[in-house]
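Structure first, commentary second.
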Amino acid sequence: MLLDGTVDSSPIYLHAVRVRGVVHDVFLVTTTYGRTEAIDASNGRVLWRYTPAGYPSWAGTAQITTATPAADPGRKWIYAASPDGRIQKLSVGDGHLAWRTRITLLPSREKIASALNLWHGHVIATTGGYIGDAPPYQGHVALLAASNGRLLRVWNSLCSNRHRLISPSSCASSDSAIWGRAGAVVDTATGGLLVATGNGGWNGRTNWGDSTVYLSADASRVLGSWTPTDETALRSNDLDLGSTSPVVLGGGYIAQGGKDGKIRLLSLRKLSPAGRTGGERQTISTPGATDLFTAPAVWHADGRTWLFVADNAGLAAWTLGGGRLRAAWSTHTAGTSPVVAGGLLYVYDPNGGLGIYLPRSGKKLSTLAAAGGHWNSAIVADGRIALPEGDANQHALSGVLDIYRLR
């Protein structure tokens, strides 16, 4: 179906919710210019559309968002981002606005790129920068009260001793974006937040460039961190560690990829105290030995933990055991963020086509027709697949959402 904007992210899905008095299965998307739409999953009809105030001033420009919305557990509200640096709460029933809250004082430089998360009544959002890394900007983690939109806490990846939204020019350091596709990842065992930062200054006290950082649940303090020993070289060569978000594997382990074509296995229990670098358990290559921009998928099956990773040159799977990642299979097919659903692995090739694989062997079962894209990835639910097409950086005012029905 045709959209009035590009969805360079993922849809979300709600089963049997009431929209304008009628029960529907609904896909919800946010376009790159901040329009959020509810789409009937059966026939592709737009049920409602929310357009943020100020939309005409940035539509068609380079000021965009690529954030996936989040749904409230009660399934009556969703939370979405817009390019003016705001998060809004919208009614699933008709799209009406409950609140809007800004999470940056400079939206023209600080982009909301990552998916929104929701945990225990908190909306969790992050900010980064735009292509070209034009200073000044800093990465932020913002916690908002889901009930009323109040900004409860801000953690700044630079000048982190300041616990509020800051004017970017007021901090002596710039950059250190938080822009991985999954944003701030919640460790559900503790409620702690895991984020990865991009190029920026690092001192292990107030500046946290090119680091994996473990924050308290209220984002008030750093509980632990990991910084590669070559962080200076990463910064100099524009090899953001935070090009992808941390991945919780379970068993006390996380995986962290980066633009340097490497994936590190880290122990949560052994994250270094502030001021230290190194300490990873294992380092492996990304599937195509190139930049990792996607969100890897984790699958727990048959008593084993699987990790699926795709980049612009390959797709691969590992299993975790004995504190090590062991290669299971690999292909040379490019992919965006993989998805495991119903015992199958779905991977969108940004050059075109949605591949369906057996996750244990990597055998391809089928390819569904789809045009090219960028960071889009599919979702699979209730026998349906939804996949957006298109590239946010083309600044188009239209886009496509493919909806497939599984037999």
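The values are calculated or read from the model by the stated rules, or taken from the named source; none is laboratory data. Everything numeric in this text was worked out from a predicted model, so none of it was measured. Cβ sites come from the backbone with ideal geometry, for glycine too, and all protein chains shown count toward neighbours.
Does Thr101 satisfy the condition of being of a type in the set (Val, Ile, Thr) and in a strand (DSSP E or B)?
Numbers: of a type in the set (Val, Ile, Thr): yes; in a strand (DSSP E or B): yes.
Spelling it out, Thr101 is indeed of a type in the set (Val, Ile, Thr) and in a strand (DSSP E or B).
Mind listing whichever residues of the stretch 33-43 are assigned to a strand (DSSP E or B) and surrounded by 20 or more Cβ atoms within 10 Å (Cβ to Cβ)?
Filtering the stretch 33-43 down to residues assigned to a strand (DSSP E or B) leaves 36-40.
Matches in the stretch 33-43: Thr36, Glu37, Ala38, Ile39.
Out of Gly257, Gly279, I need the residue that is under 21 Å from the mean Cα position of the chain (by Cα), surrounded by 15 or more Cβ atoms within 10 Å (Cβ to Cβ) and either farther than 30 Å from Arg405 by Cα or not assigned by TED's automatic domain parsing to the domain that holds Ser114 (or both). Which one?
Gly257
Please verify whether the stretch 311-329 includes one or more residues that are surrounded by 13 or more Cβ atoms within 10 Å (Cβ to Cβ), in contact (Cβ under 8 Å) with a residue 40 or more places away in the chain, over 19 Å from Val347 (Cα atoms) and not assigned by TED's automatic domain parsing to the domain that holds Ile356.
Checked the stretch 311-329: no residue is surrounded by 13 or more Cβ atoms within 10 Å (Cβ to Cβ), in contact (Cβ under 8 Å) with a residue 40 or more places away in the chain, over 19 Å from Val347 (Cα atoms) and not assigned by TED's automatic domain parsing to the domain that holds Ile356.
Tally time: how many residues in the stretch 265-313 are in contact with a Ser or Thr (Cβ under 9 Å, 6 or more places away or on another chain), assigned to a loop (DSSP other than H, G, I, E, B) and among the acidic types (Asp, Glu)?
The qualifying residues number 2.
Just the residues that are within 22 Å of Asp402 (Cβ to Cβ), of a type outside the set (A, V, I, L, M), in a loop (DSSP other than H, G, I, E, B) and out of contact with any Pro (no Cβ under 8 Å at 6 or more places or on another chain), please, taken from the stretch 44-67.
Those that are within 22 Å of Asp402 (Cβ to Cβ), of a type outside the set (A, V, I, L, M), in a loop (DSSP other than H, G, I, E, B) and out of contact with any Pro (no Cβ under 8 Å at 6 or more places or on another chain): Gly44, Arg45, Thr66.
Only one residue in Ala16, Ala59, Ala80, Ala67 is surrounded by fewer than 20 Cβ atoms within 10 Å (Cβ to Cβ) and either more than 16 Å from the chain's Cα centre (by Cα) or under 21 Å from His140 (Cβ atoms) (or both). Which one?
Every option except Ala16 fails the conditions.
Name, by its number, the condition in (1) touching a Gly at 6+ places or on another chain (Cβ under 7 Å); (2) over 24 Å from Asn203 (Cα atoms); (3) surrounded by fewer than 24 Cβ atoms within 10 Å (Cβ to Cβ) that does not hold for Ser173.
In the conditions (1) touching a Gly at 6+ places or on another chain (Cβ under 7 Å); (2) over 24 Å from Asn203 (Cα atoms); (3) surrounded by fewer than 24 Cβ atoms within 10 Å (Cβ to Cβ), Ser173 misses (2) alone.
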